[in-house]
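Chemist: Structure below; questions to follow.
Just so it is clear, none of the values below were taken in a lab; they were calculated from the coordinates. In this text, all values refer to a predicted model and were calculated from it rather than measured experimentally. With ideal geometry, Cβ positions are generated from the backbone for all residues, glycine too; neighbour counts draw on all protein chains shown.
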Amino acid sequence: MNSLIIENSLEEEKQSIYSPEDLAFLDPAKVPSHIAIIMDGNRRWAKRQGLPAMMGHWKGAETLTRVVRAASELGIKTLTVFSFSTENWNRAREEVDALMHLFKVYLIKERGDMAREGVRLQAIGDLKRLPPSVLNELELSKACTAHCKKIDLVLAINYGGRDDIRRAFVAMMADFERGEFLKEQISEQLISKYLDTAQWPDPELLIRTSGENRQSNFLLWQLCYSEFYLTDILWPDFDEHALLQAIQNVQQRQRRLGG
């Protein structure tokens, strides 16, 4: 009896998110390898529901879990999400503290599932400012999922595009002073190696939810040739079908890359 329950559970886990009809107009060969997302609209979603702002953030965290699973099924290899910006520290202290608690709970709650589902957790940003309890859980989740190879989930926490470039230049100057390279050797490729995202290719697609049209200091260097997909959907309402629609929309475009 117990073995039957386990087998049924495993079968449920293997069920596809998308049906063949869902994927009929998708070109698997043109699915982006790396997608970046600005997850905007949590607080507005909560306000429309008559709920406290933090309920929107909790709902947004649930959405992230679903979207990661959908992205993995579509063959996306890296998903970088704007989780907390360098500017977000300017919000009310109560909201910042609640967000830090949300990060901690999310990391603990999702750690096992990420490891089982092949999700390798990574993080970019100036992580030193995070509370020690959050940083400890982040490092533990990274260690527990280090072996995973299906998809990389990259949390941008205390991240700003300008700060990323600033920190890269500080590190470059230190290496230059040690004689690691000559100034004539400085190139775009060299600069990229000092950015937080050095181990991943630049995103082919940026998705921003909630109807805003700004880049908001996110991946300023890395998104220079990315396609932008803007949607009015608030992040908590974004789902696997919205993700599929974004990819299908971009597949219909002709990327010239300056040509």
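Chemist: Taking the 0 to 90 degree range and rounding to the nearest ten, how far is the long axis of helix 240-251 tilted relative to the main principal axis of the chain, both from C-alpha atoms?
Modeler: Long axis of 240-251 versus the principal axis of the chain: about 50 degrees.
Chemist: Cα centroids of segment 185-217 and segment 59-123: how far apart, whole angstrom?
Modeler: 18 Å
Chemist: If you look for lysine pairs in segment 82-223 that are eight or more places apart or on different chains, how many of them have Cα atoms under 27 Å apart?
Modeler: 16
Chemist: Hey, what do the phi angles of segment 102-107 turn into as Karplus ³J(HN,Hα) couplings, whole Hz, using 6.51/-1.76/1.60 and θ = phi - 60°, x for Gly and Pro?
Modeler: Going residue by residue, I get 4, 4, 4, 5, 4, 4 Hz, with x marking Gly and Pro.
Chemist: Ok, one more. Quick check: net charge around LEU127, other residues with Cβ under 10 Å of its Cβ, Lys/Arg +1 and Asp/Glu -1?
Modeler: Net charge in that neighbourhood comes out at -1.
Chemist: Additional query: Give me the dipole magnitude in Debye, nearest 20, for segment 66-140 about the Cα centre, with unit charges on the beta carbon: positive for Lys and Arg, negative for Asp and Glu.
Modeler: That gives segment 66-140 a dipole magnitude of about 160 debye.
Chemist: Which residue, LEU99, VAL154, LEU205, has the largest displacement toward the positive end of the dipole of the chain when charges sit on each Cβ (Lys, Arg +1; Asp, Glu -1)?
Modeler: About the Cα centre, the residue reaching furthest to the positive side is LEU99.
Chemist: Ok, one more. Quick one: which residues, 5+ away or cross-chain, put their amide H under 5 Å from the amide H of THR80? H built at 1.01 Å from N.
Modeler: For THR80, the qualifying residues are ILE35, ALA36, ILE37, VAL154.
Chemist: Helix 2-14 against the longest principal axis of the chain: what's the angle in degrees, Cα atoms only, rounded to the nearest 10?
Modeler: Rounded to the nearest ten degrees, it is 50.
Chemist: What label, among [x] 6, 28, 32, 21, 10, 2, 1, 0; [y] 7, 26, 27, 17, 12, 8, 3, 0; [z] 6, 27, 35, 22, 8, 2, 0, belongs to P(r) over Cα pairs in 10 Å bins from 0, in percent computed from the structure on display?
Modeler: Read-out taken from this structure: [z].
Chemist: In debye to the nearest 20, how big a dipole does segment 123-193 give about its Cα centre with +1 on each Lys and Arg Cβ and -1 on each Asp and Glu Cβ?
Modeler: Dipole size: approximately 160 debye.
Chemist: Placing unit charges on C-beta atoms (Lys and Arg positive, Asp and Glu negative, everything else neutral), compute the dipole magnitude of the chain about its Cα centre in debye, rounded to 20.
Modeler: 520 debye
Chemist: Once the Cα atoms of helix 53-74 and of the chain are each reduced to a long axis, what angle between those two axes, in degrees from 0 to 90 to the nearest 10, is obtained?
Modeler: So the helix axis and the longest Cα principal axis differ by about 90 degrees.
Chemist: Continuing with the same structure: For segment 141-180 and segment 222-252, what is the centre-to-centre distance using only Cα atoms, to the nearest Å?
Modeler: 25 Å
Chemist: Okay, moving on. Please turn the phi angles of segment 218-233 into ³J(HN,Hα) values with the Karplus equation 6.51 cos²θ - 1.76 cosθ + 1.60 (θ = phi - 60°), one per residue in order, whole Hz, x for glycine and proline.
Modeler: 10, 6, 4, 6, 6, 9, 4, 10, 6, 7, 9, 10, 10, 9, 7, 5
Chemist: If the chain between ASP97 and GLU139 were fully stretched, how many nm would it gain, using 0.36 nm times the residue separation less the Cα-Cα distance?
Modeler: Residue separation times 0.36 nm, minus the Cα-Cα distance, leaves 13.2 nm.
Chemist: What's the FRET efficiency of ARG253 with ASP22 using the Cβ-Cβ distance as r and R₀ = 25 Å, to the nearest 0.05?
Modeler: Efficiency, rounded to the nearest 0.05: 0.75.
Chemist: Could you derive backbone 3J(HN,Hα) for segment 127-137 from the dihedral phi with the Karplus parameters 6.51, -1.76 and 1.60 (θ = phi - 60°), listing whole Hz in sequence and x where the residue is Gly or Pro?
Modeler: 6, 4, 7, 5, x, x, 5, 5, 4, 4, 5
Chemist: Still on this model: Would segment 61-178 count as rounded, prolate or oblate if I go by the C-alpha gyration tensor, calling it rounded below 1.5 in a/c and otherwise prolate when a/b exceeds b/c, oblate otherwise?
Modeler: oblate
Chemist: For TRP200, TRP89, TRP235, what ranking results if the residue with the fewest other Cβ atoms within 10 Å of its Cβ goes first?
Modeler: TRP89, TRP200, TRP235
Chemist: Further, regarding this structure: Listing PHE84, PHE176 from the residue with the fewest other Cβ atoms within 10 Å to the one with the most, what is the order?
Modeler: With the fewest neighbours first, PHE84, PHE176 line up as PHE176, PHE84.
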